[in-house]
Structure formats: C-alpha cells, structure tokens
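Down below is the structure, laid out as structure tokens.
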Amino acid sequence: MRCLKVCLVILFFSLPIFAAQNQERVVLGDEQAETYLPLLGEKRVALFANHSAIVGDKIILSDGTVQYGGFTAENTEDGDPTLIPFGLDASGKPVQYGEHVLDFLLSQGVHVTAIFCPEHGFRGTEDAGAEIKDSVDQKTGVPLLSLYENDSTNAPSAEDMAVFDVLVVDLQDVGLRYYTYYIALFHLMEACAKNGKQVIVFDRPNPNGFYVDGNILDPKYVSNVGKLPVPTVHGLTFGELAQMINGEGWLKSGKNACDLAVIPCKKYTHKTKYSLVRAPSPNIKDMRAVYLYASTCFFENTIVSVGRGTQFPFEVYGSPFFTDTARNDFSFTPQSIPGAVNPPFLGETCHGVDLRSVPVEKIWKEGINLSYLIDAYKSAVAVNRHPAFFGKTLSSGFYWIDYLSGSDSLRKQVVAEISVSKIKKSWKKDIASFKKARKPYLLYSE
C-alpha cells in the first residue's frame, strides 16, 4: 500500500500538464456536439482550424492511458511543476492524439466544404509569416484555403466565401496580441459579416487567461502582429474576443454585424491554469514557453535571439554581440530545424540567459517581465556599446518592437532607463479601462 501511494504521488507530479485527477476537467466547446450539430444541419460548413483542434484535447499516453488537457499542477513540493514538451509523456515517449474536429464533423455527416488555414498552416509546421498555398487535405479531400498566400491582408477571397454558409472556428490561441490567429479570425468575421455568413466558435480556454497586462495598441501601430485595441495580454478566450470584436463595432460592417454564436467551455473560469496538450505553433514547445512568450517576444527582430532554431525557443535569449559572459553565462547556437528553417543568427554562438529555471509560479505572478528586455539592452549598449539594439527601422519609420508593444513608448522608456515598476505603472490606466470594456463579453467568471 505504501508503494502504491508513493507511485501515485510520483505520477501526479510527473504529469502536471494534464488534468489533476481530483479536479473536474474543463469541457471544450468542440465536445458539445448535442449543442452545435443542430445549428449546422444541412448547411455547407467551412472550418477555421489547424492541428490544435483535437476534440476535448484528448491524448493517449504510451501506456494506453487516456488523458485530457486541463489544470497545471500548482502545488508541487518546490512550487515549480515539471513541464513536459508537447507531444511527449512523462517517460519521454510520444503520445497519440484524439480525434480531430474535422474528422469528427465528417463522421457526423456535416457537409464540410473548406478549411481556412491560419499562420503556420493546417498542420502547424510552417515558419512564422511563411507563405502558405491553397491545397487539399490528403486524408479527407477537403480543400485547404490559406489566409497566407500572396495577400498581405490575410482576408478570404470572394471565391472562398462562396463555398460555405457557416464558419466553424476551433483553434487554440495563447491570448497575446501579437499571436496572429485572432487577426485571421477578425478578417474572417469581417468577411462573414459582409457576406451574410454565420460564425460559430467552439470555445477553448486561454492558457494566459488568468491575467491582463500591457498597454493598449495605438491605432498608428496596427500591423500583422497587432490588429485590435487590446492590451498585450488580453485574458480573453477566442469566443469572448469574438463577442468583443462584434459588440464593440470593430468590424467595418458595424456593431453586431456578424451573426455570431459561441459554444462556451464548461467548468472553466479566468482563474483556471489550463494546460495545452499540443504545440499551438512550431516554436511554442511547452507550457513554460506559453507563459514566457509574453515577455520574450519583444526581442524579435532586435540583435537578440529568442532561441528560434533550438529546442527551447522563447525560454532563453542571447546574442553574438554579448561578450560579457559573466553577465550572460548561457550559450546556444541556432540551427536550421522544422519551424525555424532560417532562424536569426543561424550557426552563430549566442551568449545570454536561460529562463528554464525560473519557477512557473514566479512567471505567473510577474506577468510581462520587462527586466529581460532592459537587462539585455544594458548588455548591448552599456557593456558592448552596440548602437542598434532594436534592429533596423522599417519603411514606416518605426521599429518592429513598436509594433509588438503597440506603440513607441516601451522602446523609448527602455532607452531612457525607466524602471520596470514605472513602465508597468504607466499601463494601469489602460488595463483598468480595458477590463471595464470587456466585462459585457465575458463568458466565464473572473
């Protein structure tokens, strides 16, 4: 009996990315067929989804055990759960995934006529921003319609809109303004509103849905990494964000112009620490990366690498220009790998900082951690005298970090050596305003 108890404890702490056994698991929107199948009926259905649309986030471990997405273990002995890479179990063996929503809909006789693909493609393997051509799903024969083919607007064509009556959305987002899946959703909602098509969102938890942080996007900095006037970390699920897009009149067609329905999750709140079971995009490889992404993404297109081309992107940062190895005592060398074919500083040794030892509970508590950006800037400028930390200015006159952060304020504050506390204090008014504005669209308690 004593051995059994010990083994159960070890199993619990070694599988923190799966639902804790003593808690009710979250039920996803795509599991509630009894609710949405009557809405689809005989209609022609287009699906906006990718590889992440696994019904119920179901997986099968290497020993045959069935698990589902769920709560991150929050109370381990050291306060820091072991984070297993997506696609593996605690023993390091590959997991199998449950039924994809496309296969499920087809098995139920739903007439799926097209699939819209977001950034990274239907299989989630393409590089960031890569052009993705229209094709056909080899398994089902359903046409794949890319929103990333020779069109900077990422909007569906008139021909694409003619092949369906209702758009079903089932896509795992990570809840950050520069994570582009919501931008594709916005364009699809715009097109559906214009063409009289219904949109049904099968809602999923936001793994960063337990807090709101960052400034609100300045309209001058709208780009393909920032579309809506929301904070960097908005805390909304896809369903809630779709309702806000519709209700706030952000669509050109006007307020509530989109015929929108949301199938909410069950047993989910904005305090839930929901863990994913599959990489939402190729460079988000575990839950630590999901949490750190809000802080480390600001390094993109600066002289600092975030580890693209390694097995731990967004969990480290470093640069060939950092020669003070006492200050930057970790090194890595980006290589060409799937999902990062031509990463920044390919083949160059980068010296920097490894964030994989930072306790997850500390990351949760801090939210966006600007000390990484500020310390790296000091390493580059104060120590190495590098004149172009933020990279090159774009044709607009702005830097890429301006688009990521939503204005030029953060860049200027870093240069002016404003403290982390003062920068974050400057966001408080925006955050309070946004929380008030989003309240009518919340589907889950705070």
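For the chain, the spread of Cα coordinates along the three principal axes comes to 66, 66, 42 Å, biggest extent given first.
Annotation: amide H of VAL230 within the under-5 Å range of LEU217, sequence separation 5 or more or interchain, hydrogens built in the peptide plane.
Overall, the accessible surface of the stretch 242-301 at a probe of 1.4 angstrom is composed of carbon and sulfur to the extent of 39 percent. Using a probe of 1.4 angstrom and keeping all protein chains present, the accessible surface of the chain works out to 42 square angstrom per residue.
Pairs LYS58/LYS424; LYS194/LYS220; LYS43/LYS139; LYS285/LYS436: which exceed 27 Å Cα-Cα? Where the Cα-Cα span goes over 27 Å, the pairs concerned are LYS58/LYS424; LYS285/LYS436. For the stretch 245-360, the Kirkwood hydrodynamic radius from C-alpha pairs, put into Stokes-Einstein at 25 °C and a viscosity of 0.890 mPa s, yields a diffusion coefficient of 147 µm² per second.
Of the solvent-accessible surface of the stretch 133-230, computed with a 1.4 Å probe and all protein chains present, 51% belongs to carbon and sulfur.
Amide H to amide H, with H built 1.01 Å from N, ARG25 comes under 5 Å of no residue 5 or more places away or on another chain. Rounded if a/c is under 1.5, else prolate if a/b is larger than b/c, else oblate: which is the stretch 332-444, with a ≥ b ≥ c the root eigenvalues of its Cα gyration tensor? Judged from the Cα gyration tensor, the stretch 332-444 comes out prolate (a/c at least 1.5, a/b above b/c).
Projected onto its three principal axes, the C-alpha set of the stretch 396-446 covers 39, 28, 14 Å, listed from the longest axis down.
The values are calculated or read from the model by the stated rules, or taken from the named source; none is laboratory data. Model, not experiment: these values are computed from the prediction. Calculation scope for accessible area: heavy atoms of the full protein, side chains included, ligands and nucleic acids excluded. Shrake-Rupley method; radii C 1.70, N 1.55, O 1.52, S 1.80 Å.
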